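Note sheet for the following structure.
The values are calculated or read from the model by the stated rules, or taken from the named source; none is laboratory data. Model, not experiment: these values are computed from the prediction. Reconstructed Cβ throughout: ideal geometry from the backbone, glycine too, with neighbour counts over all protein chains shown.
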């Protein structure tokens, strides 16, 4: 089994979204742009060791769906032990690549796919040697 370990929220206005989630849910944000090479903030949702997962916040990369026309959801990322074998299974079973395998230097391998229904999800293989 693979458990969700990370979520992402794509937004039109980063500062507005950060303020919203900080005020509503008490979330904190850390700038990880130096790791990702693009604008990206880590979302800290609670204290280390408590139940739950942390996530990320980034500028939206596509035109958004008209308001209330269809769900516009967070992207969930799942921890995997073997990125390449999971990617092979995704593609074999009808999923498609959204964003290819990318190194998060010193942290992990990350990529994004669609399932057979067009939903986007990520896979994340921790690897301190990722470059």
Only one of these is closer than 29 Å to residue 129 by Cβ and outside any strand (DSSP E or B): 22, 73, 89. Name it.
-> 89
Of the criteria (1) outside the structural domain of residue 4 (by TED's automatic domain parsing); (2) outside any loop (DSSP other than H, G, I, E, B); (3) modelled with pLDDT of 95 or more, which one residue 121 fails = (3)
